[in-house]
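> Submitted below is the structure of interest, expressed as structure tokens.
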Amino acid sequence: MIIDLASLGVSPKQFEISFAPEEIDIDGEATIKSEIAFNGQLSRIDERTFVRGAIKADAEMDCTRCLEPVERPVDITFEDVFVEAVAESDKDEVELAVEQLDEALLESEEIDLAEVVREQILLDLPEQIFCKEDCRGLCPQCGGNRNLIDCSCERDQVDPRWAALKELQNLN
């Protein structure tokens, strides 16, 4: 959903939007399993545009250790600040204050709320997720899920490329 900022006016604009999972592409990091609910407010003060909101959905990611699917709720509250881009003639060098580092540049008079939602979901996803705290992962030899089976693979098998170092360690 694209919002034209020229039509925004002085008073804040409240909105409730739902996105279908396929409308928000999160680059394969996770799978959105439910409709994405986005409630928010859009306001403009001088050259700054503020987007405040809450996003709720259900996501599914693969366990980092065993690759089993893990469901995870998405429940995000955020505030984004957008600033009009500097004119071409003024782009030589701009020094930013610390408080300006969290501001995004607006290249046009429009904000794509679907892109804002996508960005917030990607920022909220963990780098690693586990199906359970003590997940045993996959067996490096047979690939079996060690949470489900107790395979008979040799645990202390040394990669042949490291065998010479193992022998040196045994000499000491």
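The values are calculated or read from the model by the stated rules, or taken from the named source; none is laboratory data. No experiment lies behind these values; they were computed from the predicted model shown. Methodologically, a virtual Cβ is constructed for each residue, glycine included, from the backbone with ideal geometry; neighbour enumeration extends over all protein chains shown.
> If the Cβ limit is 6 Å and pairs must be 6+ apart or interchain, which residue in region 14-32 that is under 17 Å from I129 (Cα atoms) pairs with which residue that is modelled with pLDDT of 90 or more and hydrophobic (A, V, I, L, M, F, W, C)?
That search, which allows pairs on different chains as well, returns I26/I121; I26/L122; E29/L125; A30/A59; A30/M61; A30/L125; I32/A57; I32/A59.
> Would you be able to tell me the number of residues in region 114-131 that are surrounded by 13 or more Cβ atoms within 10 Å (Cβ to Cβ) and part of a loop (DSSP other than H, G, I, E, B)?
4
> Only residues in region 71-86 that are under 13 Å from F38 (Cα atoms) count as the first member; pair them with residues that are part of a strand (DSSP E or B) and not charged (D, E, K, R), Cβ under 6 angstrom, at least 6 apart or cross-chain, and list the lot.
V74/A57; V74/A59; I76/I55; T77/A54
> For region 18-54, what are the residues that are among the aliphatic types (A, V, I, L, M), over 16 Å from E119 (Cβ atoms) and within 18 Å of the chain's Cα centre (by Cα)? Full working, then the answer.
Looking only at region 18-54, we keep the residues that are among the aliphatic types (A, V, I, L, M), and these are 20, 24, 26, 30, 32, 36-37, 42, 45, 51, 54.
This time we only want the ones that are over 16 Å from E119 (Cβ atoms), so: 20, 37, 45.
Hits for region 18-54 are A20, A37.
> Sticking with this one: What's the total number of residues in region 1-44 that are closer than 19 Å to L105 by Cα and of a type in the set (D, E, K, R)?
2
> Quick check on my filter: what residues within region 55-83 are under 24 Å from F130 (Cα atoms), among the aliphatic types (A, V, I, L, M) and more than 16 Å from the chain's Cα centre (by Cα)?
Filtering region 55-83 for residues under 24 Å from F130 (Cα atoms) gives 55-77.
In the following step, the residues that additionally are among the aliphatic types (A, V, I, L, M) were identified as 55, 57, 59, 61, 67, 70, 74, 76.
Scanning region 55-83 gives a single hit, L67.
> Please go through region 45-57 and give me each residue that is under 25 Å from L106 (Cα atoms) and surrounded by 17 or more Cβ atoms within 10 Å (Cβ to Cβ), ordered by number.
The first filter runs over region 45-57 and keeps only residues under 25 Å from L106 (Cα atoms), leaving 45-55.
Matches in region 45-57: T49, V51, G53, I55.
> Okay, next question. Under the condition of being aliphatic (A, V, I, L, M) and assigned to a helix (DSSP H, G or I), which residue from region 1-17 is farthest from the chain's Cα centre (by Cα)?
Within region 1-17, the first condition is being aliphatic (A, V, I, L, M), and the residues that meet it are 1-3, 5-6, 8, 10, 17.
From the residues that got through so far, the ones that are assigned to a helix (DSSP H, G or I) too are 5-6.
Working: L5: 26, A6: 30 Å.
By that ranking, first place goes to A6.
> Testing D134 on (1) surrounded by 15 or more Cβ atoms within 10 Å (Cβ to Cβ); (2) at pLDDT 85 or above, one condition comes back false. Which one is that?
For D134, the exception is condition (1).
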